[in-house]
Amino acid sequence: MGGISQVKLGAQVHALGFYEALGFEAFGPVYDDAGIPHRDMVRTLRS
């Protein structure tokens, strides 16, 4: 059955630990968004 299998977000670097505690994993380089360092994160959902 189809559906959403992953959630992706751009997190402020200082909040990475918060999202990691929720099961997200950081990937890719740090980038600037509105003058604030961010990093992409992803979490795979259970089916």
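The values are calculated or read from the model by the stated rules, or taken from the named source; none is laboratory data. These numbers were taken from a predicted model, which means no experiment stands behind them. Cβ atoms come from the backbone with ideal geometry, glycine included; neighbour counts cover every protein chain shown. For the accessible areas, the whole protein counts, side chains as well, though only heavy atoms, and no ligand, DNA or RNA atoms are used. Shrake-Rupley method; radii C 1.70, N 1.55, O 1.52, S 1.80 Å.
For the chain, which whole percent of the accessible surface, found with a 1.4 angstrom probe, sits on carbon and sulfur atoms? Kindly include the intermediate steps, with their values, before the conclusion.
Values: 2030 of 3680 Å².
Result for the chain: 55 percent of the exposed heavy-atom area is carbon or sulfur.
Within the chain, which trypsin sites (Lys or Arg not before Pro) sit in a loop by DSSP and count at most 10 neighbouring Cβ atoms inside 10 Å?
Counting only loop positions with at most 10 other Cβ atoms within 10 Å, the trypsin sites (Lys or Arg not before Pro) in the chain are Arg46.
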